[in-house]
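Some notes on the structure that comes next.
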Amino acid sequence: MKYNILVFSALCILSFPLCAQDSTAVIPKKKYTTKALGSEGPPEINGVLDDPAWNLVEWAGDYIEFQPDENTSPTFQTKFKIVYDAKNLYVAFKCYDDEPEKIERRLSRRDGFAGDWVEINIDSYFDKRTSFSFTVTAAGVKGDEFVSNNGFNWDINWNPIWYTKTKIDEEGWTAEMRIPLSQLKFSKSDNQVWGVQSTRRIFREEERSLWQRKPIDTPGWVSEFGELHGLTDLQPQKQLEIQPYTVAKLETFEAEEGNPFRDGNNSDITGGLYAKIGITNDLTLDLTINPDFGQVEADPSAIALDGFQIFFQERRPFFVENNNIFNFQLSQSEAGNTFGFDNIFYSRRIGRAPQGFPDTMDDEYVDQPDNTPIVGAAKFSGKTKDGWSIGVLESVTARRYATIDTDGSRRREVVEPLTNYLVGRLQKDIDQGDTYIGGMVTATHRDDLTREIDFLHKSAYTGGFDFKHQWNDRDWYIGGNLVWSHVEGSEDAIQGTQESITHLFQRIGADHVAVDSARTSLTGTGGNIQLGKIGDGHWKFETGATWRSPELELNDIGFQRQADDIRHYTWIGYQTLKPDSTFRRVGINYNHWSVWDFAGNHNQLQFNTNSWQNRKNNWFTNAGFNYRPVLYSNYALRGGPRLRLSPEISFWNSINTDNRKKLRFSAFHNGSRALDKSSSYYSIEAGLSYQPTNALRISAFPSYTVNDDKLQFIDNIDVNGDTRYLNGEIAQRTLSMSFRVNYTINPNLTIQYWGQPFISRGRYSNFKQVTDPMAKDFEDRITSYTGGQVLLDEVEGQYFIDEDMNGVPEFEFANPDFSTIQFRSNLVLRWEYIPGSEIFLVWSQDISQTGNPQEGLLKSLGDHVFGGEKPMNIFLLKATYRFVL
């Protein structure tokens with residue numbers, strides 16, 4: 001309590017000088033007036049600004065530098081013009097440069113943003129929170145993003161159909177754009193005003209300049225745009241796009257003798273459909289039937305010894321595009337360390353790998369499906385002129401069976417039921433976007449849960465309410481959310497949830513939770529509340545609290561790491577606003593966190609300080625330091641008692657050389673150590689990126705991790721009614737390397753390769769049981785087993801523990817040593833042969849093996865990955881055609 005009072009008092013004291021700072025002077029809004037085309041007709045999009053159409057309007061110019069030295073004259077000026085007709089918006093750019101030969105024309109895939117570029121952002125809703133961004137590089141490469149949350153979210157997966165060309169001349173370079181009005185969203189009114197902003201990057205100076213000035217310490221982005229006038233009698237364009245696809249697939253793998261399901265190859269031809277239908281100009285319906293995601297890059301390899309699930313990013317286009325509308329993070333914060341990945345909606349639950357697996361005998365073979373097909377999905381989303389953001393997603397995944405073969409006789413078992421997922425999101429902007437309120441609901445329903453999959457929830461529902469209010473020109477804000485969950489299922493399913501790693505109701509000594517084997521439902525709540533200052537000066541801060549009740553359960557369609565958690569967080573930051581002789585920008589931060597469970601146990605106290613620096617030579621560096629004097633875990637013993645862990649210190653540091661150079665280097669390392677040396681961790685990733693030509697880029701980033709822990713959980717073992725909380729000392733070593741090659745033949749034809757060899761080896765020793773989990777000293781918490789008490793049967797791979805050394809072991813357990821070896825790669829040729837229509841050629845490889853933990857990392861990796869193991873090969877040919885009607 002004293003700690004909380006001190007924190008609150010310190011924040012109050014800090015707030016007075018923050019409030020007392022003079023507000024940034026109001027920046028006048030620039031206005032540009034466009035005109036409709038007449039008899040002169042539209043300009044030809046060829047990059048040459050000689051069409052009569054451009055004579056209708058004046059140039060807009062007088063750009064101002066934004067980075068690195070805000071509010072100064074840029075190195076070179078930029079101008080633009082905008083005209084329109086009934087179907088399109090046309091934009092011309094004139095980018096002056098005294099040395100045209102130095103204009104950087106690097107090639108990349110769409111949304112690569114490499115080299116010199118110029119950009120226009122259009123807030124056609126004029127809601128001051130969302131905009132459509134169109135970028136073109138001097139090499140003619142497109143970039144397009146949907147901007148939401150006033151510039152805090154930029155969605156590069158938005159891929160509208162539009163046209164652009166560029167040209168280098170003696171004065172610099174020029175660009176023309178044709179943007180169909182069907183790709184924008186706007187209201188129906190006779191005279192419209194849109195927000196508009198333009199940004200130019202001068203590559204060799206690493207300089208950004210803006211048409212409408214925006215001070216560095218002014219929060220937001222879209223709210224600071226200038227204004228586009230002269231738009232009269234525009235008719236909203238209802239979008240209708242249909243994109244059928246077909247995929248031919250061949251899999252080859254090593255045949256397994258006697259296994260009828262592993263004969264060496266599989267092949268298949270499938271087809272499906274994507275459609276985008278403009279219900280109104282504001283609202284769009286996206287449909288997909290039998291979607292295919294075969295060209296998506298594989299997830300990186302990872303191993304989690306703490307038992308918690310790993311968060312992987314969504315990569316499937318249907319779910320990624322416009323996903324900002326469905327985003328409902330429980331506790332995102334400036335401080336971090338608040339389970340920021342937790343979300344009511346985690347789209348990777350849809351189409352996941354089947355959760356069931358049949359029980360089999362030794363002489364049986366199983367054909368277990370890798371994923372669950374999505375029968376169909378629909379997404380209704382958009383934003384109305386009244387400030388309502390609407391999102392509804394409906395998806396159905398198929399019932400999935402595993403086939404079991406017994407001496408030629410086959411049977412099937414359900415491993416994933418027919419499942420319906422529903423997500424609804426609604427948000428309302430108030431007071432020109434300074435305030436919003438919103439809500440979200442989800443529902444998951446599984447049909448006909450057979451005995452084999454009765455461990456799944458029959459149904460799951462979640463709901464949430466969120467809000468944010470900003471004042472003093474958006475410098476200050478208060479925001480938060482409240483979430484609720486309810487899951488239903490059989491007694492076995494609900495007991496499984498209570499005993500899962502997320503909840504652990506069976507914890508010894510936790511009087512506020514208990515397993516109830518008769519329950520058929522659970523209901524929980526969570527939330528977050530925060531207050532902060534993000535603009536007007538050098539100083540920023542945020543403080544808040546987040547909680548998850550013991551019964552909160554979001555993992556049917558959301559992502560949640562753990563429940564039974566209450567945490568307070570505070571962040572205070574200082575930033576420079578002007579460059580000096582050494583740095584372009586510098587930030588210095590302080591954070592602290594304090595964590596309790598719902599029984600009032602104080603489980604963690606952590607302090608952090610860190611700094612980031614953008615140096616004059618455009619190198620980026622950062623460093624941070626943590627100290628955790630208080631650390632307890634409700635999860636370390638997997639249902640055993642709360643465990644005291646030793647205080648620890650940790651650090652991180654990174655360095656990145658100038659990313660404009662042909663040869664670039666970056667390194668990141670972090671580590672931690674318990675003060676009593678009971679655990680230590682160190683990880684480093686460093687690598688090079690080399691771009692020998694404008695079209696070719698090669699990068700390699702090896703990483704190495706050392707994890708030594710004297711108290712690594714192994715198992716909880718019952719011995720005549722008493723539980724042994726078995727732990728051991730682990731020496732874990734992990735080695736991997738991410739290797740990429742990107743070759744851009746032209747902006748519409750690219751070849752990309754990604755490969756990652758990976759090995760993680762763990763060797764256990766010094767077995768022990770936890771006997772006094774709350775003891776202050778590490779050695780007092782444990783009872784170690786001596787050499788005479790531990791016997792290893794190397795043939796069977798079993799350890800036997802003979803506690804009283806009478807020749808009769810009290811218990812046994814499997815040798816926990818492991819060596820996991822993987823190699824994953826993707827080679828993708830992508831050709832956008834006309835805008836919106838693509839052909840993919842894909843070759844994927846996967847090797848997943850178990851190695852000998854006693855061997856060295858390089859030897860095991862070489863023997864299994866490069867030593868003749870036959871990988872699984874997947875060859876895909878996918879063709880799409882996009883009809884725009």
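The values are calculated or read from the model by the stated rules, or taken from the named source; none is laboratory data. Everything numeric in this text was worked out from a predicted model, so none of it was measured. Because the Cβ atoms are built from the backbone with ideal geometry, glycine has one as well, and the counts that use them run over all protein chains shown. Quick note on the areas: whole protein, heavy atoms, side chains included, nothing else; ligands and nucleic acids left out. Shrake-Rupley method; radii C 1.70, N 1.55, O 1.52, S 1.80 Å.
What the table shows:
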{"item": "Volume per residue of the C-alpha convex hull in the stretch 42-139, rounded to whole Å³", "result": "153"}
{"item": "Under 14 Å from the Cα of residue 31 - aspartates and glutamates, other chains or at least 8 residues apart", "result": "58, 62, 123, 224, 227"}
{"item": "Point-charge dipole on Cβ atoms (K/R +1, D/E -1) for the chain, about Cα centre, debye to 20", "result": "3020"}
{"item": "Cα centre as origin, Lys/Arg/Asp/Glu Cβ charges: the stretch 766-885 dipole, Debye", "result": "1320"}
{"item": "Accessible area per residue in Å² at 1.4 Å probe, computed on the chain", "result": "43"}
{"item": "Hz values of 3J(HN,Hα) by residue in the stretch 568-574 - Karplus curve (6.51, -1.76, 1.60), Gly and Pro given as x", "result": "9, 9, 9, 10, 10, x, 10"}
{"item": "Cut-off under 5 Å, modelled amide H: who pairs with residue 229 long-range", "result": "32, 33, 34"}
{"item": "Centre separation in Å (Cα based) which lies between the stretch 651-687 and the stretch 817-885", "result": "27"}
{"item": "With every protein chain in place, the stretch 102-200: carbon and sulfur % of accessible area (1.4 Å)", "result": "44"}
{"item": "Set of lysines near residue 276 by C-alpha distance (under 19 Å), chain-local residues within fewer than 8 positions excluded", "result": "87, 185, 238, 379, 383"}
{"item": "Förster radius 51 Å - calculated FRET efficiency between residue 450 and residue 771 (Cβ-Cβ, nearest 0.05)", "result": "0.75"}
{"item": "Charge-dipole axis of the chain as Lys and Arg at +1 and Asp and Glu at -1 on Cβ define it, positive-most pick from 228, 331, 854", "result": "228"}
{"item": "R0 of 45 Å, Cβ-Cβ distance residue 72-residue 525: FRET efficiency to nearest 0.05", "result": "0.35"}
{"item": "Spin-label zone in the stretch 328-365 - amide nitrogen under 15 Å from a point set 7 Å from the Cα of residue 312 along the C-beta vector", "result": "346-355"}
{"item": "Cα-projected label distance for residue 612 with residue 577, points at 7 Å along beta-carbon direction, nm", "result": "2.0"}
{"item": "Links that overshoot a 21 Å alpha carbon limit, given the list 165/385; 188/468; 79/142; 94/385", "result": "165/385; 188/468; 94/385"}
{"item": "Crossing angle, helix 2-20 versus the chain [Cα axis fit, 0-90 degrees, rounded to tens]", "result": "10"}
{"item": "Residue-span extension gain [residue 252 to residue 845] - 0.36 nm each, minus C-alpha spacing", "result": "212.5 nm"}
{"item": "Farthest positive-ward along the chain dipole, Cα basis, beta-carbon charges - from 843, 141, 197", "result": "197"}
{"item": "Added length on full extension, which subtracts the Cα-Cα distance from 0.36 nm per residue, residue 39 to residue 368", "result": "111.9 nm"}
{"item": "Solvent-accessible surface ranking, highest first, for 805, 440 at 1.4 angstrom", "result": "805, 440"}
{"item": "The stretch 537-654, dipole about Cα centre (Lys/Arg Cβ +1, Asp/Glu Cβ -1), debye to the nearest 20", "result": "640"}
{"item": "Cα shape, the stretch 183-276, gyration tensor, a/c 1.5 rule", "result": "oblate"}
{"item": "Cross-link partners of residue 616 among lysines (Cα-Cα below 25 Å; sequence separation of 8 or more within a chain)", "result": "102, 214, 540, 578, 661, 662"}
{"item": "Whole-Hz couplings from phi, Karplus 6.51/-1.76/1.60, listed for the stretch 305-312; x for Gly and Pro", "result": "7, 7, x, 7, 5, 9, 8, 10"}
{"item": "Cα-derived Rg over Rh, computed across the chain with Rh taken as Kirkwood radius", "result": "0.97"}
{"item": "Among 305, 430, 691 - extreme Cα towards positive end, dipole of the chain, charges at beta-carbon", "result": "430"}
{"item": "FRET efficiency, 1/(1 + (r/R0)^6) with R0 41 Å, evaluated for residue 514 and residue 808 via beta carbons", "result": "0.70"}
{"item": "Overall form of the stretch 201-248 per C-alpha gyration tensor (a/c, 1.5; a/b vs b/c)", "result": "oblate"}
{"item": "Phi to ³J(HN,Hα) by Karplus 6.51 cos²θ - 1.76 cosθ + 1.60 over the stretch 421-438, Hz, x for Gly, Pro", "result": "10, 9, 10, x, 9, 9, 8, 10, 7, 10, 6, 6, x, 5, 9, 9, 10, x"}
